[in-house]
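Q: I'd like to ask you about the structure that follows.
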Amino acid sequence: MSIEAAEAAVASSGQRVRDLKAEGADKEAVEAAVAELQAAKATLTASVEAALASCAEGTPEYDVLKAKLPAAAKPKGKEKKKDDAPQNDRAAAKAARAAQRGAKAEAKAATKDEAVLGPNLSQAEMDSAEFGNLFIQSTHAATRAWTGVKELVPSLAGQQVWVRARVATSRKQGK
């Protein structure tokens, strides 16, 4: 059966069900019409799926055919209550989605920090990159003898001394 013929059968069956309900027909007649409608929808679904199999995904024809697939039937009464029962499954799925969002946010923050700060470098390899996070830690004991600022006296003139100090203000001096 062609897709157009199947669509026409679904439309006529649907109209028949609406007319029977509007007239207040007996339950058996409405149920028979609904069964006929469901069979017509199944035929339409099979026809559309067969046509979809021959089309490449993402093409305009594929999208048109995908839109022609009939919607799934809505559950009623007792069927609906059965579907509402797995509340724990919904809560677990919600928790899993929240955990996934949290992990994604952490990964995004980590990559953002890496991108902003650059590579981690040590004092031994700081010449290998133009920028990065420089971690300065002594790898061997220094043999320098430090001289405190208070210990600088005129008798040390002409000698080389190592002084550790902080610069409070540094500004450019004119000529």
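Q: Using heavy-atom solvent-accessible surface (probe 1.4 Å) with all chains present, what is the largest-first order of 7, 130, 57?
A: 130, 57, 7
Q: Okay, next question. Using the basic label-point model (7 angstrom from Cα toward the beta carbon), what is the residue 141 to residue 39 distance in nanometres?
A: 9.7
Q: Which part of segment 1-30 falls in the paramagnetic zone of residue 64, meaning amide N under 18 Å from the point 7 Å along Cα-to-beta-carbon?
A: Backbone N within reach: 2-8.
Q: Show the residues, 5+ positions off or on another chain, whose built amide H is closer than 5 Å to the amide H of residue 121.
A: 133, 134, 135
The values are calculated or read from the model by the stated rules, or taken from the named source; none is laboratory data. Please read these numbers as outputs of a predicted model, since none were measured by experiment. Positions of Cβ are backbone-derived with ideal geometry, glycine not excepted, and every protein chain shown enters the neighbour counts. Ligands, DNA and RNA are excluded from the accessible area calculation, which covers all protein heavy atoms including side chains. Shrake-Rupley method; radii C 1.70, N 1.55, O 1.52, S 1.80 Å.
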